[in-house]
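*Asks:* Just dropping this structure here.
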Amino acid sequence: MENQRLEEATNVIAFGKRKIRPRVCVADGKRHIRTFLVETLEDLGFIPCECAHARELGTVFDAQVPDLVVLGLSAGGIEAVEIVKTLAAKTFDGKLLLLGPRACPQVAAIQELGEKLGIAMLPVLRTPFGEGDLRDSVVTLLPTEEPPDPPIHLDEAVREGWSELWYQPEIDTRTLALHRAEGLIRIRHPSWGVVPPAYFIPNDGDPHFRALSDYVIGRAINDWRNFVDQHGPVDIAINLPIAFLQDSESVRSLCQQIPDHPAFNGLIIEINGTEVIRNLELVKDVARQLRFHNIAISIDDLGVEWPLLAGLHDFPFVEIKVDQKFVAGCAGDRLKQTVCRRILDLADGYGARTVAEGIETKADFLAVRDMGFDTVQGFFFARPSTAKRFVRTVLSRPTMMPN
């Protein structure tokens, strides 16, 4: 499921005649602080980089001059002074945001130094602070919501190695434990930043769909091995287009890549529900074949088309995922609840699992849990994140109940 794919549409801001995301350099001596700042600012719409010392700023400026520098005082007073002087020497014309504790003489001294050297200083962000505080500090620099123009060219993205596979957890409704990780394709464009699939997923007839699908499969399997090494076995699902199943060579190649490892519990392939219904016999036939290779097919984004799956003599699919259109807001919408319950009955008749997509509120979570969904997925629990961040923020937690 590509959850909230339109809601995640790329944010950009105009600088001169080009539309790009603003760039930020995070300068702090502590790695965990840099990691938090980089990830938070990237979520807000910046293209981030980082450095721990003043001497590293030259490399940053050689690559791309940032629009914002965030400077933490954990770098130390003397190091922070050197960073400010380096910015002035490079005639930095962006903004500088200083982070530091209240009633700290160093903070006031460095803020005054920056102003004296002609650097545009944002108001100091006092520590400790949260994501909301950071957002408020940089709100004037935040991107506006506009799509990339021109759109991302998939062949260039694949050729240049801009593709990434991010992960979003699916959560067991009863135990709140991680049930599975769903791999979601992203492109990290050098000017646009992280771009969601709404702007680059190819049509089934696109000649580049095979290359993208091959990347997703290979990356997911490699990430699974890394997850096992760092955490333990994690079930994984990926999204593939119907055109992939129509290509027997692609299907055969997929089967050959499945890990021969005792901890591997299988791979889930999610196929859009509308495409499943349009190509039902083909998908059923491929699903039967894939089961012998420890691969199962999940019907993704199923909605009002559900009656077309009723009355089948066989149902070789492991799962049905209900389209977020019928999940978001279902707590207060009887019509959505009715659609959800009908699909639950359908899945129960076939012995298939059910997933509620697009959970964004506690009320909707409680509603789908009471209706009987097996697992849930959505921003209420976690947004998609890089594999590295997924290990740190999801796999390290015994349960996924939000704060």
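The values are calculated or read from the model by the stated rules, or taken from the named source; none is laboratory data. Please read all numbers here as calculations on a predicted model, not as lab measurements. For neighbour counting, all protein chains shown are included, and Cβ atoms are generated from backbone atoms with ideal geometry for every residue, glycine included. Areas reflect the complete protein model, heavy atoms only, side chains present, ligands, DNA and RNA absent. Shrake-Rupley method; radii C 1.70, N 1.55, O 1.52, S 1.80 Å.
*Asks:* Say we look at segment 384-403 and pick out the residues that are aliphatic (A, V, I, L, M) and not in a loop (DSSP other than H, G, I, E, B); which of these is surrounded by the most Cβ atoms within 10 Å (Cβ to Cβ)?
*Replies:* Ala387
*Asks:* Within segment 121-137, take every residue that is surrounded by 15 or more Cβ atoms within 10 Å (Cβ to Cβ) and out of contact with any helix residue (DSSP H, G or I) (no Cβ under 7 Å at 6 or more places or on another chain) and give me the one that is nearest to Asp43 (Cα to Cα).
*Replies:* Looking at the filtered set, the residue picked out is Ser137.
*Asks:* Quick test for you: out of Asp260, Asp223, Asp229, Asp247, pick the one residue that is farther than 22 Å from Asp314 by Cβ, touching a residue at least 24 places away in the same chain (Cβ under 8 Å), out of contact with any Leu (no Cβ under 7 Å at 6 or more places or on another chain) and not polar (S, T, N, Q).
*Replies:* Selected residue: Asp247, the only one of Asp260, Asp223, Asp229, Asp247 that is farther than 22 Å from Asp314 by Cβ, touching a residue at least 24 places away in the same chain (Cβ under 8 Å), out of contact with any Leu (no Cβ under 7 Å at 6 or more places or on another chain) and not polar (S, T, N, Q).
*Asks:* Kindly provide the set of residues from segment 89-120 that are without any contact (Cβ under 8 Å) to a residue 40 or more places away in the chain, open to solvent by 30 Å² or more (accessible area, probe 1.4 Å) and either within 24 Å of Ala63 (Cβ to Cβ) or in contact with a Lys or Arg (Cβ under 6 Å, 6 or more places away or on another chain) (or both), ordered by number.
*Replies:* Ala89, Lys90, Thr91, Asp93, Arg102, Leu117, Gly118, Ala120
*Asks:* Is it true that Gly378 is open to solvent by less than 30 Å² (accessible area, probe 1.4 Å), over 13 Å from the mean Cα position of the chain (by Cα) and closer than 20 Å to Ile185 by Cα?
*Replies:* Values: open to solvent by less than 30 Å² (accessible area, probe 1.4 Å): yes; over 13 Å from the mean Cα position of the chain (by Cα): no; closer than 20 Å to Ile185 by Cα: yes.
It is false that Gly378 is open to solvent by less than 30 Å² (accessible area, probe 1.4 Å), over 13 Å from the mean Cα position of the chain (by Cα) and closer than 20 Å to Ile185 by Cα.
*Asks:* Search segment 161-175 for residues being open to solvent by 30 Å² or more (accessible area, probe 1.4 Å) and under 20 Å from the mean Cα position of the chain (by Cα), and hand back the single one that is nearest to Pro197 (Cα to Cα).
*Replies:* Checking each candidate, the answer is Glu164.
*Asks:* For segment 224-334, which fully contained helices (runs of 4 or more DSSP H) count at least 1 residues that are loosely packed, with under 14 Cβ neighbours inside 10 Å, at negative phi and of a type outside the set (Asp, Glu)?
*Replies:* Output list reads 248-257, 273-278, 280-291.
*Asks:* Let me ask something else about it. Keeping to segment 175-184, report how many residues are in contact with a strand residue (DSSP E or B) (Cβ under 9 Å, 6 or more places away or on another chain) and part of a loop (DSSP other than H, G, I, E, B).
*Replies:* As a first pass, look at segment 175-184 and keep what is in contact with a strand residue (DSSP E or B) (Cβ under 9 Å, 6 or more places away or on another chain): 177-184.
Then keep just the ones that are part of a loop (DSSP other than H, G, I, E, B); that gives 177.
Number satisfying all stated conditions: 1.
*Asks:* Here's something else I'd like to know. Is there any pair with a first residue in segment 357-383 that is farther than 20 Å from Arg397 by Cβ and assigned to a loop (DSSP other than H, G, I, E, B) and a second that is among the aliphatic types (A, V, I, L, M) and open to solvent by 10 Å² or more (accessible area, probe 1.4 Å) whose Cβ atoms are under 6 Å apart and which are 6 or more apart or on different chains, and what are they?
*Replies:* Gly358/Ala328; Gly372/Leu344
*Asks:* Under 17 Å from Asn239 (Cα atoms), of a type outside the set (Lys, Arg) and either within 27 Å of the chain's Cα centre (by Cα) or modelled with pLDDT of 95 or more (or both) - does that describe any residue in segment 331-342?
*Replies:* Taking every residue of segment 331-342 in turn, none turns out to be under 17 Å from Asn239 (Cα atoms), of a type outside the set (Lys, Arg) and either within 27 Å of the chain's Cα centre (by Cα) or modelled with pLDDT of 95 or more (or both).
*Asks:* Having 3 or more residues that are charged (D, E, K, R) is the bar; report the strands (runs of 3 or more DSSP E) wholly within segment 86-174 that clear it.
*Replies:* Details: elements: 95-101, 125-127, 163-172.
It comes to 163-172.
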